[in-house]
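A short write-up of the structure that comes next.
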Amino acid sequence: MNAPLAITQADRTKFIGGSDVAAILGVSPWRNVVDLWMDKTTPRAENGQNAAAKRRGSRLEPYILDMIREEHGLQIVAANERYIDPVLPFMAAEIDAEYIDAGSRENIEIKTVHPFKAKEWGEHETDELPLHYVAQVQHGLGVTGRHRCKVFALIGDELKPYVVERDDELISVMRNQAAAFWNNYVVPRVQPPIDYEAKNVLDTLKRLYPGTDGTVIEANVMHEHWRAVFETAKRMQAHYEAIQEGARAHLLAEMGASAAISFDDGMAFVRKEIKKKAYTVNYPASRYIDFRLAKLKEQ
């Protein structure tokens with residue numbers, strides 16, 4: 001493979017980057033493929049929350065790079081370089097840092113992880129990353145033509161190292177799907193099919209159709225079908241909520257004044273009285289029983 005071309009600035013609407021690939025593969029926790037298509041064809045305005053998060057990450061990177069040098073002894077030779085793929089020029093990657101290993105440059109990716117997300121990361125020195133980060137890392141290896149990426153996750157005050165080796169089979173699949181997305185949808189500006197199972201599909205639809213034009217359409221057979229599904233699901237929801245409340249009542253009656261019912265799998269139904277002080281006349285003092293399924297050791 002020819003050496004990739006370094007670029008100083010990248011217009012995200014003109015390239016598929018590492019964070020985009022997860023959406024194309026359907027493993028992104030934030031975007032589906034229609035969201036990504038809109039980002040490429042009609043990009044949304046940057047909001048203050050996203051900008052603040054990016055600024056925090058940028059401020060932490062020099063600190064984390066110093067930790068990598070001191071704690072892991074890596075010879076870091078570059079940071080925040082952007083590359084264009086030499087074969088597919090609509091694919092690009094920004095590499096957080098690069099180090100020298102046996103005379104060759106390899107990639108470094110840096111992640112700051114909220115402690116609540118720590119359970120998504122595996123053992124040190126493995127490639128057990130969240131899937132969307134695996135996609136990003138393999139994309140970067142594909143664009144740069146390199147063989148290894150060291151990933152450093154800052155979780156609280158601990159810097160956890162991971163190693164991802166180049167997977168040519170996975171990279172080939174990713175590149176083919178990225179090329180199909182780009183050529184079939186972005187270039188001709190044709191919307192991809194909506195994934196109605198995506199957890200954020202309602203937000204996607206709000207973005208696709210932010211207003212109304214005042215017209216009324218006549219229901220067809222398909223509309224009648226989905227209305228029936230909607231109404232049946234609503235009735236089933238009410239039915240199963242009633243069953244759930246009945247089960248809750250049985251459990252609470254069996255518990256009596258006990259604090260928990262423990263099970264062999266380490267889980268427990270936990271019962272606790274919650275008392276709240278009065279704040280104003282509109283919010284008087286109150287007390288109620290909190291009842292939930294949780295790990296007993298966490299209580």
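The values are calculated or read from the model by the stated rules, or taken from the named source; none is laboratory data. Since this is a predicted model, take the numbers as computed values, not measurements. Note that we place each Cβ from the backbone using ideal geometry, even for glycine, and neighbour counts take in every protein chain shown.
G140 - would you say it is loosely packed, with under 14 Cβ neighbours inside 10 Å and in the same structural domain as A97 (by TED's automatic domain parsing)?
no
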Checklist entry - Any idea which of V87, V113 is of a type outside the set (K, R), closer than 30 Å to N183 by Cα and touching a helix residue (DSSP H, G or I) at 6+ places or on another chain (Cβ under 9 Å)? => result V87
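How many residues does segment 197-207 contain that are modelled with pLDDT of 90 or more and within 13 Å of N32 (Cα to Cα)?
Of segment 197-207, the ones modelled with pLDDT of 90 or more are 201-207.
This time we only want the ones that are within 13 Å of N32 (Cα to Cα), so: 201-205, 207.
Qualifying residue count for the region: 6.
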Checklist outcome for this item: Apart from one, (1) touching a Ser or Thr at 6+ places or on another chain (Cβ under 6 Å); (2) assigned to a loop (DSSP other than H, G, I, E, B) all hold for D195; the odd one out is (1)
Next on the checklist: I'm trying to understand the selection: among the residues of segment 158-184, which are assigned to a helix (DSSP H, G or I) and among the charged types (D, E, K, R)?
Outcome noted: D168, E169, R175
Next on the checklist: Would you confirm, using the coordinates I've provided, whether A92 is within 17 Å of I16 (Cα to Cα), modelled with pLDDT of 90 or more, small (G, A, S) and surrounded by 13 or more Cβ atoms within 10 Å (Cβ to Cβ)?
Outcome noted: yes
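Each row is one residue, and each column tells you yes or no for (1) out of contact with any helix residue (DSSP H, G or I) (no Cβ under 9 Å at 6 or more places or on another chain); (2) outside the structural domain of Y288 (by TED's automatic domain parsing); (3) loosely packed, with under 10 Cβ neighbours inside 10 Å.
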{"site": "H223", "(1), (2), (3)": "yes, yes, no"}
{"site": "W226", "(1), (2), (3)": "yes, yes, no"}
{"site": "T232", "(1), (2), (3)": "yes, yes, no"}
{"site": "Q237", "(1), (2), (3)": "yes, yes, no"}
{"site": "I261", "(1), (2), (3)": "no, no, no"}
{"site": "D265", "(1), (2), (3)": "yes, no, yes"}
Checklist outcome for this item: Of the listed residues (I68, I100, I84), the one being modelled with pLDDT of 90 or more, more than 15 Å from R166 (Cα to Cα) and surrounded by fewer than 17 Cβ atoms within 10 Å (Cβ to Cβ) is I100
Checklist outcome for this item: Among A249, A257, the single one that is under 20 Å from R287 (Cα atoms) and part of a helix (DSSP H, G or I) is A249
